[in-house]
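Values quoted throughout were computed directly from the atomic coordinates according to the rules given, and no laboratory measurement underlies them. For clarity, every value in this text was computed on a predicted model and none was experimentally measured. Positions of Cβ are generated from backbone atoms using ideal geometry, with glycine treated the same way; all protein chains shown enter the neighbour counts.
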Amino acid sequence: MEKVFLAGVRVRERGRGPERGIEELRRLADTAGGTIVGEAVFRIDRPNSVFYIGKGQAESLAQQAADAGAGTVIFDINLKPGQQRNLETALSLKVIDRTRLILDIFARSAHTQDGRDQVDLAQCQYLLPRLAGMWTHLERQQGGIGLRGPGEREIETDRRRIEKRISLLKKRLGDIKKRRGIQRSRRLKLNIPVIALCGYTNSGKTTLLNTLTKSSAVAKDRLFQTLQPMTRRARIFDRDVLFVDTVGFINDIPPQLINAFHSTLEEIEPASAVLIVLDGADPDIGLHRNVVEETLKQLKFDEIPRLYALNKCDKLYPDGRDAASASCPEDKLGEGYIEISALQKIGIEALKSGIYDILKK
C-alpha cells in the first residue's frame, strides 16, 4: 500500500479548525487505500502564492515526510497547479490535494458506465489546467519561422486530446440526463410520491434505504460507497412511496464533482420531500447538516420540504437514552429531528410516521 503523509492547513482568517480537517482527511486517505505514516497541521495567516503554506513550513514538511518514509503527501486543501508543482519540487515527493484525493476515491467506487463517465469528466476538467502547466518550460518556444518547437506542438496536442474527451463525455452524460428525465416522467405519471435520501457521506443512507424498502443494496462503512442513484419502492402505511438514494455530500466538495454529478443529483428535483440523514454520533454533526443544506441550496433544491433523521443513535446512546451524556444532538441542532438506527431498526416506525405526515401536507 502507498505510504502517505497527511498535511492539514488552518488558515486563521477563515477560522477552520485543523483537528476537524485532519480527521476527515484520515478517513479519505484510508478509503483511497493509503497507509498513513505521519501527519502535521500548519497554521498560516493567509495562503502563500508559491507553496500555499510558508517556505519554512514546506521545508519542515519535507523533513517530516522523509523521516516517516512517505512517498506521497496529501493536503486537506485545494492547490493551484503552480502551488502543486512547487511543492512537489520542494518535497521531492508526489503531492495530492483534496480534490484529487476525492476524485481518486470516486474512481474506485464507480462501478457503472454512467458513474465512470462522470468521474472521467471530473478528472479531465481537473487535469486540463495542470496539463498546461506541465509544459510551461516548453511553451517559451513561441511560434514563428525556425522557432516552432516540440513544446508548442506537445501541449496543443495534449490539450486538444483532453478537450475532445471532455466534449465526448459531456455528450454521453447529456444522453444519460435525457434518459433519466424520461424515467422520472414515467414515475411521475404513476402518481407515486418520491422521497430523496440526502446526507453527508457515510451517514447511513443506503442502510436506511434497505431498512425502509426491504432491499439489499450494498452498504459499507466507508466514504462515498454510493455514487449512482438507487430507486426502491416501499409501502408506508397505506401509501406507496419511491425512495431515491443519492451520492453523499462532503465539506468543500470539488466544483468538478458538482458539475459532473448534477445529472445524478437531479433525481432530487421531482421529490415530494427530502429526507436528510445525519450521523447523530458524529461530533461534527452541525457542520455536516450545514454542508448538506448549503449543497442543496447550491443545486437549487432548497425549497423542497425536508425531514431530518439522526441515524446511528445506538452508538450515541449505547446504554440507553437516559444514560446519555448532556452532549446530545439536540444541544447542537435544536428540536425536530427523529432519532433512529437504520442498522438496528430503532425508531423506524416514528420515521415512517414523519414521512407519512409530510406527504399528507
- Task: Quantify how much of the Cα-Cα distance distribution of segment 17-106 extends past 19 Å, in percent.
- Result: 35 percent
- Message: Over 30 Å between Cα atoms: which of 80/171; 177/315; 80/164; 170/360 fall into that group?
- Response: 177/315; 170/360
- Per-pair calculated FRET efficiency, R0 = 41 Å: residue 345 and residue 165 via Cβ, rounded to 0.05: 0.35
- Message: Under a crude label model (7 Å from the Cα following the beta-carbon direction), how far is residue 183 from residue 113 in nanometres?
- Response: 1.3 nm
- What GluC sites (Glu not before Pro) does segment 1-104 have in DSSP loop regions with at most 12 other beta carbons within 10 Å? 13
- lysines within cross-link reach of residue 214: Cα-Cα under 18 Å, excluding same-chain residues under 8 positions apart? 205, 345, 352
- Item | Likely footprinting exposure, 37, 244, 50, fewest C-beta neighbours within 10 Å first | 50, 37, 244
